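Read the structure below first, then the notes.
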Amino acid sequence: MKYLLLSDIHGALPRLEKALAFADMQQCDMICLLGDILNYGPRNGLPEGLDPKGIAVRLNERAEDIVAVRGNCDSEVDQMLLDFPILNESMLLVDNGKRLLLTHGHLINKDHLPKGHFDAVVYGHTHIWELSRQDHTVICNTGSITFPKGGNPPTLGTYEDGVIRVYTLEGALLGEMNI
């Protein structure tokens, strides 16, 4: 299986459309949404192409191939628009024996890891991409496709066959790491 790892859409339909085109080009089997899907948040400006209802329509078309976790900007009202659950703080994705903890990053992140064994912890929230190793765990922050910070381009990731990759939204590979 190949997974798209996507965080911090923040209601920007044009950015989501590019991410979905990337997923199709990469032949991703599933989309893992790491929170902050529809709402742009009070600390951010209005994103170009703000269209939460349009995002819900586009994602609901693929609902059977989406898993998602709740971000700090996601709410019960957002859940009412989406045909897949988004209200869990984290989830464990197990693929060929590899354990990936998926979360948004505002509660669980490289500085606040839960007990247990994970081959990778994958999150967003800071809007700054990262791919590193902490002890025996790969840390992957997919960044944001809508509000990248730190001078970074919009970014997202993939996971397949034990390898996490981070790309620009335009498809340029920024880094990869075996878990």
> Where a ≥ b ≥ c are the square roots of the eigenvalues of the C-alpha gyration tensor, would you call segment 1-91 rounded, which needs a/c under 1.5, or, failing that, prolate if a/b is larger than b/c, or oblate?
Replying inline: oblate
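Please state the relative contact order of the chain as a whole percent: Cα pairs under 8 Å, 6+ residues apart? Provide the component values of the computation, followed by the final result.
Details: 440 pairs, mean separation 39.5, N = 179.
Reported relative contact order: 22 percent.
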> When all protein chains stay in place, what accessible area (Å², nearest 10, 1.4 Å probe) is found for Leu174?
Replying inline: 70 Å²
> Within segment 124-179, which trypsin sites (Lys or Arg not before Pro) sit in a loop by DSSP and count at most 15 neighbouring Cβ atoms inside 10 Å?
Replying inline: Lys149
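Counting each DSSP H run of 4 or more residues in the chain as -39500 (n - 2.57), what helix-only mean residue ellipticity at 222 nm follows after dividing by all residues, to the nearest 500 deg cm²/dmol?
Numbers: 3 runs with 28 residues, N = 179.
Only helices count here, giving -4500 deg cm²/dmol.
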>> What is the percent carbon and sulfur in the accessible area of the chain, measuring with a 1.4 Å probe over the protein chains and ignoring ligands?
In response: 50 percent
>> Over the Cα atoms, compute the radius of gyration (one decimal) and Dmax (the largest Cα-Cα distance, rounded to a whole number) for segment 110-179, in Å.
In response: 11.9, 36
> Cα to Cα, under 16 Å, and not fewer than 8 places away if on the same chain: which lysines meet these conditions relative to Lys2?
Replying inline: Lys98
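Averaged per residue, what accessible surface does the chain expose to a 1.4 Å probe, in Å²? Don't skip to the end; give the middle numbers.
Values: 8190 Å² over 179 residues.
With the other protein chains kept in place, the chain gives 46 Å² per residue.
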>> Nothing charged except the Cβ atoms of Lys and Arg (+1) and of Asp and Glu (-1): what's the magnitude of the dipole of segment 23-179 about its Cα centre? Round to the nearest 20 debye.
In response: 480 debye
>> What FRET efficiency comes out for Glu17 versus His112 if R0 is 30 angstrom and r is the Cβ-Cβ distance? Round to the nearest 0.05.
In response: 0.35
>> As a test of reading the structure, rank Asp24, Asp161 by solvent-accessible area (1.4 Å probe, protein chains only), most first.
In response: Asp161, Asp24
>> Roughly how far apart, in whole Å, are the Cα centres of segment 112-146 and segment 11-56?
In response: 20 Å
> Helix 13-25 versus the longest principal axis of the chain: what angle, 0 to 90°, nearest 10, using Cα atoms?
Replying inline: 40 degrees
>> With the cut-off at 1.5 for a/c, could you classify segment 21-64 from its C-alpha gyration tensor as rounded, prolate or oblate?
In response: prolate
> Near Lys53, which lysines are there with a Cα under 22 Å away, not counting those fewer than 8 places off in the same chain?
Replying inline: Lys18
>> Around Val69, under 13 Å between beta carbons, what's the net of Lys plus Arg minus Asp minus Glu among the other residues?
In response: -4
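At most 12 other Cβ atoms within 10 Å plus a DSSP loop assignment makes a site exposed; report the longest stretch of the chain without any exposed GluC sites (Glu not before Pro).
On the way: sites that count: Glu48, Glu61, Glu170.
The reported range is 62-169.
The values are calculated or read from the model by the stated rules, or taken from the named source; none is laboratory data. Since this is a predicted model, take the numbers as computed values, not measurements. Quick reminder, even Gly has a Cβ in these numbers, built from the backbone with ideal geometry, and neighbours come from all protein chains shown. SASA here: full protein model, heavy atoms, side chains in, ligands and nucleic acids out. Shrake-Rupley method; radii C 1.70, N 1.55, O 1.52, S 1.80 Å.
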